[in-house]
(Lines give C-alpha, C1' and ligand atoms only; values in the text may rest on other atoms or scores of the structure.)
Protein backbone atom coordinates (compact mmCIF):
# COMPACT_ATOMS: atom_id res chain seq x y z
CA UNK A 1 0.00 0.00 0.00
CA UNK A 2 1.14 3.52 -0.77
CA UNK A 3 0.11 6.28 1.64
CA UNK A 4 0.59 9.97 0.86
CA UNK A 5 0.04 12.68 3.45
CA UNK A 6 -0.42 16.36 2.59
CA UNK A 7 0.48 18.47 5.61
CA UNK A 8 1.91 21.80 6.72
CA UNK A 9 4.09 20.04 9.29
CA UNK A 10 5.78 16.97 7.77
CA UNK A 11 8.41 16.85 10.50
CA UNK A 12 5.75 15.82 13.01
CA UNK A 13 5.59 12.37 11.41
CA UNK A 14 9.24 11.36 11.63
CA UNK A 15 9.20 9.74 15.06
CA UNK A 16 5.91 7.79 14.91
CA UNK A 17 6.54 6.45 11.42
CA UNK A 18 10.06 5.23 12.19
CA UNK A 19 9.25 2.93 15.10
CA UNK A 20 7.32 -0.22 16.02
CA UNK A 21 4.92 -1.81 13.53
CA UNK A 22 5.10 1.02 11.01
CA UNK A 23 8.86 0.61 10.71
CA UNK A 24 8.41 -3.16 10.40
CA UNK A 25 5.84 -2.71 7.64
CA UNK A 26 8.18 -0.42 5.73
CA UNK A 27 11.11 -2.80 6.08
CA UNK A 28 8.93 -5.63 4.76
CA UNK A 29 7.94 -3.43 1.80
CA UNK A 30 4.28 -3.76 2.78
CA UNK A 31 3.78 0.02 2.80
CA UNK A 32 5.29 3.18 1.40
CA UNK A 33 4.66 6.48 3.17
CA UNK A 34 5.34 9.84 1.53
CA UNK A 35 4.98 13.27 3.11
CA UNK A 36 4.15 16.36 1.07
CA UNK A 37 4.64 19.86 2.43
CA UNK A 38 1.56 21.93 1.62
CA UNK A 39 3.63 25.09 1.97
CA UNK A 40 5.48 24.20 -1.23
CA UNK A 41 2.22 24.78 -3.08
CA UNK A 42 1.53 28.12 -1.40
CA UNK A 43 0.63 31.29 -3.28
CA UNK A 44 3.17 33.99 -4.14
CA UNK A 45 6.58 34.73 -2.66
CA UNK A 46 5.31 34.16 0.89
CA UNK A 47 3.84 30.78 -0.02
CA UNK A 48 0.49 31.75 1.49
CA UNK A 49 -1.83 28.83 2.26
CA UNK A 50 -4.55 30.49 4.37
CA UNK A 51 -6.67 33.61 4.63
CA UNK A 52 -9.39 35.21 6.73
CA UNK A 53 -12.90 33.70 6.48
CA UNK A 54 -15.63 35.37 4.46
CA UNK A 55 -18.43 36.54 6.72
CA UNK A 56 -16.04 37.26 9.57
CA UNK A 57 -14.97 35.15 12.50
CA UNK A 58 -11.80 34.20 14.30
CA UNK A 59 -8.90 32.21 12.90
CA UNK A 60 -7.62 31.53 9.42
CA UNK A 61 -8.98 29.15 6.79
CA UNK A 62 -6.93 27.04 4.38
CA UNK A 63 -7.32 28.34 0.84
CA UNK A 64 -8.40 25.94 -1.90
CA UNK A 65 -5.66 26.74 -4.43
CA UNK A 66 -2.69 25.24 -2.54
CA UNK A 67 -4.64 22.16 -1.46
CA UNK A 68 -5.97 21.49 -4.95
CA UNK A 69 -2.48 21.93 -6.42
CA UNK A 70 -0.92 19.58 -3.88
CA UNK A 71 -3.66 17.00 -4.29
CA UNK A 72 -3.41 17.06 -8.09
CA UNK A 73 0.34 16.46 -7.93
CA UNK A 74 0.04 13.65 -5.37
CA UNK A 75 -2.84 11.95 -7.18
CA UNK A 76 -0.60 11.54 -10.22
CA UNK A 77 1.86 9.65 -8.02
CA UNK A 78 -0.83 7.51 -6.38
CA UNK A 79 -3.64 7.35 -8.97
CA UNK A 80 -5.60 4.45 -7.43
CA UNK A 81 -5.65 5.96 -3.96
CA UNK A 82 -8.76 7.04 -2.12
CA UNK A 83 -8.61 10.45 -0.46
CA UNK A 84 -9.38 11.23 3.18
CA UNK A 85 -9.87 14.77 4.46
CA UNK A 86 -9.33 14.90 8.21
CA UNK A 87 -11.90 17.19 9.77
CA UNK A 88 -13.87 17.34 13.04
CA UNK A 89 -16.98 17.63 10.86
CA UNK A 90 -16.35 14.22 9.27
CA UNK A 91 -17.74 10.77 9.99
CA UNK A 92 -16.48 9.29 13.26
CA UNK A 93 -13.60 6.91 12.67
CA UNK A 94 -14.19 3.25 13.56
CA UNK A 95 -12.45 -0.10 13.38
CA UNK A 96 -14.78 -1.02 10.52
CA UNK A 97 -13.49 1.96 8.55
CA UNK A 98 -9.90 1.01 9.37
CA UNK A 99 -10.52 -2.50 8.03
CA UNK A 100 -12.01 -1.17 4.80
CA UNK A 101 -9.15 1.30 4.31
CA UNK A 102 -6.61 -1.52 4.82
CA UNK A 103 -8.01 -3.26 1.74
CA UNK A 104 -7.42 -0.26 -0.53
CA UNK A 105 -4.40 -0.01 -2.86
CA UNK A 106 -3.52 3.45 -1.57
CA UNK A 107 -4.56 6.42 0.55
CA UNK A 108 -4.10 10.18 0.32
CA UNK A 109 -4.60 11.94 3.66
CA UNK A 110 -5.16 15.69 3.74
CA UNK A 111 -4.37 17.16 7.15
CA UNK A 112 -6.00 20.47 7.95
CA UNK A 113 -4.80 23.20 10.25
CA UNK A 114 -5.79 26.59 11.60
CA UNK A 115 -9.57 27.15 11.66
CA UNK A 116 -10.22 24.53 8.98
CA UNK A 117 -10.71 24.08 5.25
CA UNK A 118 -12.38 26.20 2.64
CA UNK A 119 -15.47 24.05 2.05
CA UNK A 120 -14.64 23.64 -1.64
CA UNK A 121 -11.68 21.48 -0.63
CA UNK A 122 -14.17 18.85 0.51
CA UNK A 123 -14.93 18.09 -3.14
CA UNK A 124 -11.55 16.29 -3.21
CA UNK A 125 -12.55 13.85 -0.46
CA UNK A 126 -13.70 10.31 -0.98
CA UNK A 127 -14.08 10.28 2.81
CA UNK A 128 -14.35 12.99 5.45
CA UNK A 129 -13.14 11.54 8.74
CA UNK A 130 -13.02 12.65 12.38
CA UNK A 131 -11.06 10.61 14.94
CA UNK A 132 -13.31 11.69 17.80
CA UNK A 133 -15.64 14.25 19.31
CA UNK A 134 -12.94 16.71 20.29
CA UNK A 135 -10.80 19.37 18.60
CA UNK A 136 -7.07 19.11 17.93
CA UNK A 137 -4.65 21.75 16.68
CA UNK A 138 -4.42 20.12 13.27
CA UNK A 139 -4.95 16.99 11.25
CA UNK A 140 -1.46 15.60 11.71
CA UNK A 141 -2.19 13.48 14.79
CA UNK A 142 -5.44 12.14 13.29
CA UNK A 143 -3.44 11.21 10.18
CA UNK A 144 -1.02 9.26 12.39
CA UNK A 145 -3.96 7.51 14.04
CA UNK A 146 -5.41 6.42 10.72
CA UNK A 147 -2.08 5.27 9.30
CA UNK A 148 -1.26 3.25 12.42
CA UNK A 149 -4.71 1.66 12.66
CA UNK A 150 -4.75 0.77 8.95
CA UNK A 151 -1.19 -0.49 8.53
CA UNK A 152 -1.40 -2.93 11.43
CA UNK A 153 -4.32 -4.65 9.65
CA UNK A 154 -2.30 -5.33 6.50
CA UNK A 155 -1.49 -9.08 6.38
CA UNK A 156 2.05 -9.74 7.54
CA UNK A 157 2.41 -6.72 9.82
CA UNK A 158 1.16 -8.22 13.10
CA UNK A 159 2.72 -11.33 14.56
CA UNK A 160 -0.30 -13.61 14.91
CA UNK A 161 -2.85 -14.50 12.24
CA UNK A 162 -5.72 -13.73 14.63
CA UNK A 163 -4.17 -10.78 16.49
CA UNK A 164 -6.35 -8.19 14.78
CA UNK A 165 -9.47 -10.38 14.82
CA UNK A 166 -9.63 -10.68 18.60
CA UNK A 167 -9.15 -7.00 19.43
CA UNK A 168 -11.71 -4.54 20.73
CA UNK A 169 -14.34 -3.53 18.14
CA UNK A 170 -13.24 -6.32 15.79
CA UNK A 171 -15.22 -9.30 17.11
CA UNK A 172 -18.98 -8.91 17.64
CA UNK A 173 -18.40 -5.17 18.09
CA UNK A 174 -17.44 -5.73 21.74
CA UNK A 175 -14.45 -4.53 23.74
CA UNK A 176 -11.70 -7.09 24.10
CA UNK A 177 -11.76 -9.51 27.02
CA UNK A 178 -9.20 -9.13 29.87
CA UNK A 179 -5.71 -10.57 29.47
CA UNK A 180 -3.45 -12.16 32.09
CA UNK A 181 0.10 -13.49 32.14
CA UNK A 182 2.59 -14.73 34.77
CA UNK A 183 2.66 -14.70 37.77
CA UNK A 184 -0.53 -16.54 38.72
CA UNK A 185 -0.90 -14.27 41.73
CA UNK A 186 0.34 -10.71 42.19
CA UNK A 187 -0.28 -8.49 45.25
CA UNK A 188 -3.25 -10.65 46.18
CA UNK A 189 -4.78 -10.48 42.69
CA UNK A 190 -5.19 -13.90 41.08
CA UNK A 191 -5.56 -15.06 37.51
CA UNK A 192 -9.10 -16.47 37.03
CA UNK A 193 -9.15 -20.24 37.45
CA UNK A 194 -10.85 -20.74 34.10
CA UNK A 195 -7.78 -19.44 32.25
CA UNK A 196 -5.59 -21.93 34.13
CA UNK A 197 -7.89 -24.89 33.44
CA UNK A 198 -6.71 -25.70 29.94
CA UNK A 199 -10.36 -26.20 28.91
CA UNK A 200 -10.55 -24.25 25.65
CA UNK A 201 -14.33 -24.35 25.42
CA UNK A 202 -14.77 -22.90 28.89
CA UNK A 203 -12.05 -20.31 28.23
CA UNK A 204 -13.88 -19.18 25.09
CA UNK A 205 -17.14 -18.83 27.02
CA UNK A 206 -15.39 -16.91 29.82
CA UNK A 207 -13.78 -14.51 27.36
CA UNK A 208 -17.08 -13.85 25.59
CA UNK A 209 -18.82 -13.19 28.91
CA UNK A 210 -16.02 -10.90 30.10
CA UNK A 211 -16.00 -9.00 26.83
CA UNK A 212 -19.71 -8.30 27.15
CA UNK A 213 -19.35 -7.32 30.82
CA UNK A 214 -16.52 -4.90 30.06
CA UNK A 215 -18.43 -3.43 27.13
CA UNK A 216 -21.54 -2.92 29.25
CA UNK A 217 -19.47 -1.12 31.91
CA UNK A 218 -17.16 1.02 29.74
CA UNK A 219 -19.00 1.40 26.42
CA UNK A 220 -22.70 0.57 26.78
CA UNK A 221 -23.35 2.45 23.54
CA UNK A 222 -21.72 -0.41 21.64
CA UNK A 223 -24.35 -2.84 22.88
CA UNK A 224 -27.07 -0.77 21.23
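Consider residue 127 against the criteria (1) surrounded by 15 or more Cβ atoms within 10 Å (Cβ to Cβ); (2) at pLDDT below 95: it satisfies all of them except one. Which criterion is unmet?
(2)
Given the criterion more than 26 Å from residue 135 (Cα to Cα) and in the same structural domain as residue 131 (by TED's automatic domain parsing), identify the matching residue among 104, 38, 62.
104
The values are calculated or read from the model by the stated rules, or taken from the named source; none is laboratory data. Keep in mind that this is a model prediction, so the values were computed, not measured. Methodologically, a virtual Cβ is constructed for each residue, glycine included, from the backbone with ideal geometry; neighbour enumeration extends over all protein chains shown.
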